[in-house]
Amino acid sequence: MSKKYVDQLLATKSPKKSQSATEITIMVMPESTQNEAILIANFHEGISEFLVEKEGIFGFQREENGTLEGKFKLQKGRLKTDSDVFIKIDANPESNQYLVAEQLLFAGKYELDGREIVLTRDGKVVGIDSISHYAVFTDYFDAGMQVDQIQLWNSQDDGRSYGFQFEHDTLSIYLLECTVKEDGFCVVVQNGPRLFQLVKK
């Protein structure tokens, strides 16, 4: 995970504001060289390249004997490129769930109307009967993504998107209001009435 992205996410508490902190936000590495790595650009698209090591320098090749690109070194458990440092996070690349904001920003204990609510690092919600899971959006390059958004659900069939905003240790979750539609599809949204206000302990 790009440290530039992590630093901006923690400073702004906004995945939307952090999306363009650096071009490559995540590198999903194989267990050994000569295998395929996935480079995720701005959480919007990814490319596959082969991880290669030459004389202690690592990099990526698109094809065998191709030019070594994106060179980096391993230093103290981190990947260091010419322009960034990458740190290790938990991930589930098979399902494209990297759970970055969940781990770094949301996970913890909160108070909601006098009772304790827990948001886990792997996207579970404990303490709200009608909600069992959450997922934070990290890609805001599409239509209808003008505010930071989170999806809440109790079963896969009833997932719904909401707006959210952090102010210090207070997490506010809002109903979304569509302000502009094109061909029946919402292209501009804004935060509407507040649904929950959770204070982090």
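The values are calculated or read from the model by the stated rules, or taken from the named source; none is laboratory data. As the structure is a computational prediction, the values presented were derived from the model and not from experiment. For neighbour counting, all protein chains shown are included, and Cβ atoms are generated from backbone atoms with ideal geometry for every residue, glycine included.
For segment 7-21, which residues satisfy the criterion of being among the polar types (S, T, N, Q), in a loop (DSSP other than H, G, I, E, B) and surrounded by 19 or more Cβ atoms within 10 Å (Cβ to Cβ)?
From segment 7-21, those among the polar types (S, T, N, Q) are 8, 12, 14, 18-20; that's our starting set.
Next, from what is left, pick out any that are in a loop (DSSP other than H, G, I, E, B): 14, 19-20.
Selection gives Gln19 alone.
Answer yes if at least one residue in segment 46-59 is within 16 Å of Thr138 (Cα to Cα), surrounded by 11 or more Cβ atoms within 10 Å (Cβ to Cβ) and within 15 Å of the chain's Cα centre (by Cα), and no otherwise. Write out each step before concluding.
Start the filter on segment 46-59 by keeping residues that are within 16 Å of Thr138 (Cα to Cα), which leaves 46.
Then drop every residue that is not surrounded by 11 or more Cβ atoms within 10 Å (Cβ to Cβ), which leaves 46.
With the extra rule that they be within 15 Å of the chain's Cα centre (by Cα), the set shrinks to 46.
Yes, because at least one residue in segment 46-59 is within 16 Å of Thr138 (Cα to Cα), surrounded by 11 or more Cβ atoms within 10 Å (Cβ to Cβ) and within 15 Å of the chain's Cα centre (by Cα).
For every residue, the table says whether it meets (1) hydroxyl-bearing (Ser, Thr, Tyr); (2) in contact with a Gly (Cβ under 9 Å, 6 or more places away or on another chain); (3) within 19 Å of Ser20 (Cα to Cα).
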residue	(1), (2), (3)
Leu105	no, no, yes
Val126	no, no, no
Tyr140	yes, no, yes
Met145	no, no, yes
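Could you grab me the full set of residues in segment 4-41 that are of a type in the set (Ser, Thr, Tyr) and touching a strand residue (DSSP E or B) at 6+ places or on another chain (Cβ under 7 Å)? Walk me through it before giving the result.
Initial filter on segment 4-41 (of a type in the set (Ser, Thr, Tyr)): 5, 12, 14, 18, 20, 22, 25, 32-33.
Scanning segment 4-41 gives Tyr5, Thr22, Thr25, Thr33.
Residues are listed down the side, and each one gets a yes or a no for (1) outside the structural domain of Gly127 (by TED's automatic domain parsing); (2) out of contact with any Ser or Thr (no Cβ under 8 Å at 6 or more places or on another chain); (3) not in a strand (DSSP E or B):
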{"residue": "Asp157", "(1), (2), (3)": "no, yes, yes"}
{"residue": "Gln165", "(1), (2), (3)": "no, no, no"}
{"residue": "Ser172", "(1), (2), (3)": "no, yes, no"}
{"residue": "Leu175", "(1), (2), (3)": "no, yes, no"}
{"residue": "Lys181", "(1), (2), (3)": "no, yes, no"}
{"residue": "Val187", "(1), (2), (3)": "no, yes, no"}
{"residue": "Phe196", "(1), (2), (3)": "no, no, no"}
Practice item. Any residue in segment 65-77 that's closer than 15 Å to Thr33 by Cα: show its pairings with residues that are of a type in the set (D, E, K, R) at Cβ separation under 8 Å, as long as the two are six or more apart or on different chains. Key: Leu68/Lys54; Glu69/Glu49; Glu69/Arg62; Gly70/Glu49; Lys71/Asp82; Phe72/Lys80; Lys73/Lys80; Leu74/Lys80
Revision key, fill the gap. Exactly one of Glu111, Glu102 is crowded, with 17+ Cβ neighbours inside 10 Å, of a type in the set (D, E, K, R), over 23 Å from Gln34 (Cβ atoms) and modelled with pLDDT of 90 or more, and that residue is Glu102
Review point. What are the residue pairs meeting all of these: first residue in segment 23-40, first residue not assigned by TED's automatic domain parsing to the domain that holds Asp82, second residue hydroxyl-bearing (Ser, Thr, Tyr) and part of a strand (DSSP E or B), Cβ atoms under 6 Å, and 6 or more apart or on different chains?
Key: none
Review point. Restricting segment 1-25 to residues that are touching an Asp or Glu at 6+ places or on another chain (Cβ under 9 Å) and among the β-branched types (Val, Ile, Thr), which is farthest from Ala41 (Cα to Cα)?
Key: Thr22
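Counting residues that are under 24 Å from Gly192 (Cα atoms), which strands (runs of 3 or more DSSP E) fully inside segment 76-151 reach at least 2?
Working: elements: 78-80, 108-112, 115-119, 133-136.
Result: 108-112, 115-119, 133-136.
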Exercise for review: Might you let me know whether segment 169-177 holds any residue that is crowded, with 19+ Cβ neighbours inside 10 Å, touching a residue at least 24 places away in the same chain (Cβ under 8 Å), closer than 30 Å to Pro30 by Cα and in contact with a Leu (Cβ under 9 Å, 6 or more places away or on another chain)?
Suggested key: no
